[in-house]
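*Asks:* Pasting a structure below so you can have a look.
The values are calculated or read from the model by the stated rules, or taken from the named source; none is laboratory data. Only a predicted model underlies this, so the values are computations on that prediction, with no experimental measurement involved. Please note: Cβ atoms are built from the backbone with ideal geometry, for glycine as well, and neighbour counts cover all protein chains shown.
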């Protein structure tokens, strides 16, 4: 390997040092110079968390070989608040509440800085366009655009600099006031350390071998060639697990690495700790696994049939969880209905797509406490599970929750922490694993795909008499949160409506697909999508306003839910009123609308997306000429 | 992950050819790298080990830019962003700035090169149909000498070109179209960083009164293995009076344009709408008389 002698000016200081030729500028900044403010969210130029200035031009440093920075001036997020004083834009992000998980924010601040340098008077549309290369998952972007507009106006003297400061809360009363987030300065400056930013002396780098098969028996794993590579410290498989293997939020059916067989493409089979990530990668490639492919099952309805492939021996019917709810007499309810409608609904798997790919650091501390630092959404549960898996008393296991760069339920599962703990125990050195975006997508939980059959009976005046629902969800290869998701899906399936007769069955099913798990709403979305869509269809059939049919059936204060929970207060009527008003709703049945739509074109309705806001001035000029 | 043992950045063409000779069979030529690095990832090529990467983006000849009234010569390493920064270039190639603003995002097009876009030969490349509308000639060079080839001959299929072993694309020689109005229509799944499902480059020149189409250039991509110039439609429009009816007629010409692997019906609808919308936008920028295009037409296609 021929190292590159890189001479550059980085954040105002001369840098002259050797770099490996295959490094990207991002690797050089983060790993060689420990400038971890800019992040790696995707490694493919899609997300913009790595955006830095190169000779004053904003670039995605994950797309730039380090050699391209030869002789260049590079400025990272760390350059913006060098003396500790935040820039106007950083203050504006703080003030506007434009950071949530914060992982995209360093890149977003850089892109906003570039946008206002390019056009200090950019309007909101142009700001959106110029920030188009940066993705945020948490904020919905509006507060970010608010922040850039605020900074623009302060920079241009249209607003005083005091507009960036905290609203006066001198009376100590912050309830109902818009106050600045206390964690925002660390995020807008890039100083907050996420797990993938953390380093420890002597740290090893971990890479994971993953299954190429959806369903296969593991005949043998030969790690000898991997172990023979210089720089490789340890290679582990499920055979190295000292305790009772298995994790999961409800049923502990998932080993920390595949045991005896693999159940989905992307499942961890072995893990390597080596002096650097490239050596670990090469060692992973040198592990020889012999698989004997098994018949897979990918469709949950098929998986429920007799004779289907069995994913887990303990569940020969492939049912992870069935939640039944029975209230009243559904058939009697249909009999007294004037209209009975049955429809099928389906929803798909969805990736959480938090900007921070999974990462973790583990070490054995001076008191032999196995310590795992990771953006886990459930550290206490992880701690209990890990103690059993590694056969240690709970007092010798510690989980530290690093800042979570977005979770949305996707970081509730102990999907990699077990491997880290085991490698730290094997090597007695700190070990770190940073997922690639692809690894994150292939190996971690998704929202449960669902198929729902819903039958509902109503009287002519719109009262729901009976609801029968059967939902089958693809839970994928392991249980994870499926049981809870099925439960919540069932509990909320009938919506906030008074329905005297209810029959609900939700099924979480094992297949050889990527496991499904917790995801925002935790099952409510799948069943409510069916129920709410159904109400719209019925409103159309009955000639009722969709809001009206909901009001007719709405639970009120003191109502009892179909799972026998007594509700002290119900805000549904207020929510309906607010939604009706905010959507510029045109009253009436869905069939009465004419050829034009009165709900569009209002000030509070966003226009459709176009590009070329920066040409707007030119176009006006051309039109005038 | 893209792994190399050596990263070479030649300062001249001669150095580049020497490096290519020295590392024959062990190198890959890169420029902006904005496609090569994402290519070397799981799901596409996976981890790729290439012994030597030869980065041609710093070679002066590949960065030259000559903008004249009749011709434009662009070095192959010209970043896409230049079409937005360089006003004279934008006037000579009036569809190109509109293309550039849709191209990836502000950051990537500062790095991505015109030559890279062409050599990649993606059926969905955005810059290529624009170049085709300018009758671009590809300039090729090797240690043995130089040769030129029409762009439409150079690109032979998805990812396939006539680039020979030991050869580099050094630049593009294009017709200049100052005084034309330009537009670029593109649709994908989102605003930035999106691969075109369909993209269309349009240039229109009108007479002094803004009533008659003196000339037009149209080229489309994303709907077939290689970009296609729409000469039949150009011929149909040339010399005719600009009316909404004419544009709709042109859009309805029975050409079997869509030969994509997927979503043909959708693409046919898009192509029709793009033709009308793109021609309206280009004609307006070419100074179309307000009388020529009806408001209804603009409302329908704006």
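*Asks:* Could you pull out every one of the strands (runs of 3 or more DSSP E) wholly within the stretch A:299-367 that has 3 or more residues that are touching a helix residue (DSSP H, G or I) at 6+ places or on another chain (Cβ under 8 Å) and within 30 Å of residue A:561 (Cα to Cα)?
*Replies:* A:319-327, A:339-347
*Asks:* Quick one: which of B:204, B:271, B:198, B:226 is touching a residue at least 60 places away in the same chain (Cβ under 8 Å), under 22 Å from the mean Cα position of the chain (by Cα), farther than 27 Å from residue A:609 by Cα and not assigned by TED's automatic domain parsing to the domain that holds residue B:159?
*Replies:* B:226
Every residue, every condition in (1) within 21 Å of residue B:127 (Cβ to Cβ); (2) surrounded by fewer than 24 Cβ atoms within 10 Å (Cβ to Cβ); (3) modelled with pLDDT under 95, yes or no:
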position: B:188; (1), (2), (3): yes, yes, yes
position: B:192; (1), (2), (3): yes, no, yes
position: B:203; (1), (2), (3): yes, no, no
position: B:218; (1), (2), (3): yes, no, no
position: B:229; (1), (2), (3): yes, yes, no
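*Asks:* With the structure loaded, tell me whether residue A:264 is surrounded by fewer than 19 Cβ atoms within 10 Å (Cβ to Cβ) and either over 24 Å from residue A:383 (Cβ atoms) or free of Cβ contacts under 8 Å to residues at least 12 places away in the same chain (or both) or whether it fails that test.
*Replies:* Here the answer is no, as residue A:264 does not meet what is asked.
This table checks each residue for (1) surrounded by fewer than 23 Cβ atoms within 10 Å (Cβ to Cβ); (2) more than 30 Å from residue A:511 (Cβ to Cβ).
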{"site": "A:163", "(1), (2)": "yes, yes"}
{"site": "A:179", "(1), (2)": "yes, yes"}
{"site": "A:184", "(1), (2)": "no, yes"}
{"site": "A:205", "(1), (2)": "yes, yes"}
{"site": "A:217", "(1), (2)": "yes, no"}
{"site": "A:220", "(1), (2)": "yes, no"}
{"site": "A:242", "(1), (2)": "yes, yes"}
{"site": "A:258", "(1), (2)": "no, no"}
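*Asks:* Quick test for you: out of B:224, B:208, B:261, pick the one residue that is part of a loop (DSSP other than H, G, I, E, B) and within 14 Å of chain A (Cβ to nearest Cβ).
*Replies:* Exactly one residue qualifies, and that residue is B:208.
*Asks:* Within the stretch B:76-112, which residues are within 12 Å of another protein chain (Cβ to nearest Cβ), under 20 Å from residue A:47 (Cα atoms) and touching a helix residue (DSSP H, G or I) at 6+ places or on another chain (Cβ under 8 Å)?
*Replies:* B:81, B:100, B:101, B:103, B:106, B:107, B:108, B:109, B:111, listed by residue number.
*Asks:* If you don't mind, another one. Test residue A:157 against the stated conditions and say whether it is surrounded by fewer than 19 Cβ atoms within 10 Å (Cβ to Cβ), at pLDDT 95 or above and part of a loop (DSSP other than H, G, I, E, B).
*Replies:* In short, yes.
Residue by residue, here is whether (1) more than 30 Å from residue A:139 (Cα to Cα); (2) modelled with pLDDT of 95 or more; (3) assigned to a helix (DSSP H, G or I) holds:
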residue	(1), (2), (3)
A:391	yes, yes, no
A:412	no, yes, no
A:415	no, yes, no
A:424	yes, yes, yes
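*Asks:* Check the stretch B:122-131 and report whether any residue there is away from every other protein chain (no Cβ under 14 Å), buried (at least 21 other Cβ atoms within 10 Å of the Cβ) and more than 23 Å from residue B:278 (Cβ to Cβ).
*Replies:* Checking the stretch B:122-131: not a single residue is away from every other protein chain (no Cβ under 14 Å), buried (at least 21 other Cβ atoms within 10 Å of the Cβ) and more than 23 Å from residue B:278 (Cβ to Cβ).
*Asks:* With respect to residue A:243, is the statement that it is in a loop (DSSP other than H, G, I, E, B), in contact with a helix residue (DSSP H, G or I) (Cβ under 7 Å, 6 or more places away or on another chain), closer than 25 Å to residue B:41 by Cα and in contact (Cβ under 8 Å) with a residue 24 or more places away in the chain true?
*Replies:* Considered against the rule, which asks whether it is in a loop (DSSP other than H, G, I, E, B), in contact with a helix residue (DSSP H, G or I) (Cβ under 7 Å, 6 or more places away or on another chain), closer than 25 Å to residue B:41 by Cα and in contact (Cβ under 8 Å) with a residue 24 or more places away in the chain, residue A:243 comes out as no.
*Asks:* Next question, about the same structure. Here is a check on your reading of the model: is residue B:33 surrounded by 17 or more Cβ atoms within 10 Å (Cβ to Cβ), within 10 Å of chain A (Cβ to nearest Cβ) and in contact with a strand residue (DSSP E or B) (Cβ under 7 Å, 6 or more places away or on another chain)?
*Replies:* yes
Residue-wise test of (1) closer than 25 Å to residue A:345 by Cβ; (2) more than 14 Å from chain B (Cβ to nearest Cβ); (3) modelled with pLDDT of 95 or more; (4) touching a helix residue (DSSP H, G or I) at 6+ places or on another chain (Cβ under 6 Å).
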position: A:419; (1), (2), (3), (4): no, yes, yes, no
position: A:427; (1), (2), (3), (4): no, yes, yes, no
position: A:431; (1), (2), (3), (4): no, yes, yes, yes
position: A:442; (1), (2), (3), (4): no, no, yes, no
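Results for (1) under 30 Å from residue A:245 (Cα atoms); (2) surrounded by 24 or more Cβ atoms within 10 Å (Cβ to Cβ), shown as yes or no for each residue.
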site: A:442; (1), (2): yes, no
site: A:445; (1), (2): yes, yes
site: A:449; (1), (2): yes, no
site: A:452; (1), (2): no, yes
site: A:462; (1), (2): no, no
site: A:475; (1), (2): yes, yes
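*Asks:* Take the stretch A:112-123 and flag every residue that is out of contact with any strand residue (DSSP E or B) (no Cβ under 7 Å at 6 or more places or on another chain) and within 14 Å of chain B (Cβ to nearest Cβ).
*Replies:* Within the stretch A:112-123, A:112, A:113, A:115, A:116, A:117, A:118, A:119, A:122 meet the criteria.
*Asks:* Among the numbered criteria (1) assigned to a strand (DSSP E or B); (2) under 18 Å from residue A:513 (Cα atoms); (3) more than 29 Å from the chain's Cα centre (by Cα), which one does residue A:269 miss?
*Replies:* Looking at each condition in turn, residue A:269 falls short on (3).
*Asks:* So, in the stretch B:1-22, exactly how many residues are out of contact with any strand residue (DSSP E or B) (no Cβ under 8 Å at 6 or more places or on another chain) and away from every other protein chain (no Cβ under 14 Å)?
*Replies:* The number of residues fulfilling the criteria is 5.
*Asks:* Can you list residue pairs whose Cβ atoms sit under 7 Å apart, with the first residue in the stretch A:97-110 being surrounded by fewer than 24 Cβ atoms within 10 Å (Cβ to Cβ) and the second being modelled with pLDDT of 95 or more and assigned to a helix (DSSP H, G or I)? Count only pairs 6 or more apart in sequence or on different chains.
*Replies:* A:97/A:143
*Asks:* Restricting to helices (runs of 4 or more DSSP H) lying wholly in the stretch A:536-625: which have 1 or more residues that are within 14 Å of chain B (Cβ to nearest Cβ)?
*Replies:* A:616-624
*Asks:* Among the residues in the stretch B:147-158, are any part of a helix (DSSP H, G or I) and under 30 Å from residue A:59 (Cβ atoms)?
*Replies:* The answer is yes, given that some residue of the stretch B:147-158 is part of a helix (DSSP H, G or I) and under 30 Å from residue A:59 (Cβ atoms).
*Asks:* From the list A:380, A:371, A:452, which residue is within 28 Å of residue A:483 (Cβ to Cβ) and either outside any helix (DSSP H, G or I) or within 14 Å of chain B (Cβ to nearest Cβ) (or both)?
*Replies:* A:452
*Asks:* Can you find a residue that is in contact with a strand residue (DSSP E or B) (Cβ under 6 Å, 6 or more places away or on another chain), under 15 Å from residue B:196 (Cβ atoms), within 14 Å of chain A (Cβ to nearest Cβ) and touching a residue at least 40 places away in the same chain (Cβ under 8 Å) anywhere in the stretch B:278-288?
*Replies:* yes
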